[in-house]
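Enquirer: Below you will find the structure I want to go over with you.
The values are calculated or read from the model by the stated rules, or taken from the named source; none is laboratory data. Quantities reported herein were computed from a predicted structural model and do not represent experimental measurements. A quick note on method: Cβ atoms are made from the backbone with ideal geometry, for glycine too, and the neighbour counts reach across all protein chains shown.
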Amino acid sequence: MRKFRICVIDDSENDRLRFTTLLKQVDYPVAIYSFSCVRDFLDSREKSDIVFLDIELKEEDGIGLRNSVRNNTRWIIYMTSWKERMQEAFSSNVIAFLLKQDPDIALKEMIRRLFDEYLGKIVSFRTTAGIVDIPVSEIHMITRENRKLYIYVYNEEIQVFDLTLSELIELVGNDFIQTDRSRAVNYRHVIGFEGNDFVLDNGRQERISTRRKKQVIRLFMEKRLTFGH
């Protein structure tokens, strides 16, 4: 099973140890890497799913360096003792703020909910390569072509068996919007529109049927407002 790659960047050794311990207790398949500064993280060239980033680092500013960090992670979660700086830190892939003064039990519950929301569940599929475990959050789209079902993980096409399209959409959950009779797109990977197409973050464009366009756009906006990106 794939492990999610989590990085903790904090100049306090005690805080790094604290958050590393909390992450291990959340019961998700994670590989955890810790760094005392953003420079070390960038030098490592480590690509991660989530970075837990301290705002007030000894010689660096976590907010000022977020664009550099963003190039190496899917999402950022800020850790801070400074509530007054939280407003500055809003950005497209910043998904949460954790206050260090909160008790461990509250932080652990928040981390678990964020993992459920952004890493999502893992589903087992029968594929041409055998049984494969795939995080739902990594599936960009689902298609039915010539009575065959495919899922796209980034730009990799994977044929799956033993399911109908409707069963597959139900299995992967509410993040998927059916754009026509044979396709569904994970709204979390949509970065915009171009004409009648969704533009996805893997570079693909997926057509929205004319008949479904109003309904699809309404569902997309509702999900973005309710659940975020």
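Enquirer: Does the range 80-94 include one or more residues that are under 21 Å from Asn174 (Cα atoms) and without any contact (Cβ under 8 Å) to a residue 60 or more places away in the chain?
Expert: No, every residue in the range 80-94 fails to be under 21 Å from Asn174 (Cα atoms) and without any contact (Cβ under 8 Å) to a residue 60 or more places away in the chain.
Enquirer: Return only the number of the condition from (1) under 19 Å from Asp11 (Cα atoms); (2) out of contact with any helix residue (DSSP H, G or I) (no Cβ under 8 Å at 6 or more places or on another chain); (3) modelled with pLDDT under 90 that Glu88 does not satisfy.
Expert: It is condition (1) that Glu88 fails.
Enquirer: Out of all the residues in the range 200-215, is one or more free of Cβ contacts under 8 Å to residues at least 40 places away in the same chain, more than 15 Å from the chain's Cα centre (by Cα), surrounded by fewer than 14 Cβ atoms within 10 Å (Cβ to Cβ) and assigned to a loop (DSSP other than H, G, I, E, B)?
Expert: no
Enquirer: Also, I was wondering about something else. Would you please list the contacts, defined by Cβ atoms under 7 Å and residues six or more apart or on different chains, that run from a residue in the range 43-60 that is closer than 22 Å to Val30 by Cβ to a residue that is part of a loop (DSSP other than H, G, I, E, B)?
Expert: Glu46/Asn72; Lys47/Asn72; Ser48/Asn72; Asp49/Leu119; Leu53/Gly62; Asp54/Asp10; Asp54/Asp11; Asp54/Gly62
Enquirer: Consider Phe115 carefully, then state whether it is free of Cβ contacts under 8 Å to residues at least 24 places away in the same chain and within 30 Å of Phe198 (Cα to Cα).
Expert: no
Enquirer: Let me ask something else. Would you tally the residues in the range 148-180 being under 18 Å from Thr128 (Cβ atoms) and either of a type in the set (Gly, Ala, Ser) or modelled with pLDDT under 90 (or both)?
Expert: Result for the range 148-180: 2.
Enquirer: Which is at positive phi, surrounded by fewer than 20 Cβ atoms within 10 Å (Cβ to Cβ) and in the same structural domain as Glu222 (by TED's automatic domain parsing), of Tyr150, Tyr154? Can you show your working first?
Expert: Values: Tyr150 fails: at positive phi.
Result of the check over Tyr150, Tyr154: Tyr154.
Enquirer: Please tell me if Arg188 is closer than 19 Å to Ile134 by Cα and surrounded by 14 or more Cβ atoms within 10 Å (Cβ to Cβ).
Expert: yes
Enquirer: If you go through the range 98-115 one residue at a time, how many are of a type outside the set (A, V, I, L, M) and within 13 Å of Leu23 (Cα to Cα)?
Expert: Initially, the range 98-115 is screened for residues of a type outside the set (A, V, I, L, M), giving 100-104, 108-109, 112-113, 115.
If we keep only those that are within 13 Å of Leu23 (Cα to Cα) as well, we get 104, 108-109, 112-113, 115.
Looking only at that region, the number is 6.
Enquirer: For Glu167, only one of the following conditions fails: (1) under 25 Å from Ser48 (Cα atoms); (2) over 13 Å from the mean Cα position of the chain (by Cα); (3) of a type outside the set (Lys, Arg); (4) not in a strand (DSSP E or B). What is its number?
Expert: Single failed check for Glu167: (1).
Enquirer: Is the range 101-115 home to any residue that is crowded, with 16+ Cβ neighbours inside 10 Å, touching a Gly at 6+ places or on another chain (Cβ under 9 Å) and not assigned by TED's automatic domain parsing to the domain that holds Val136?
Expert: no
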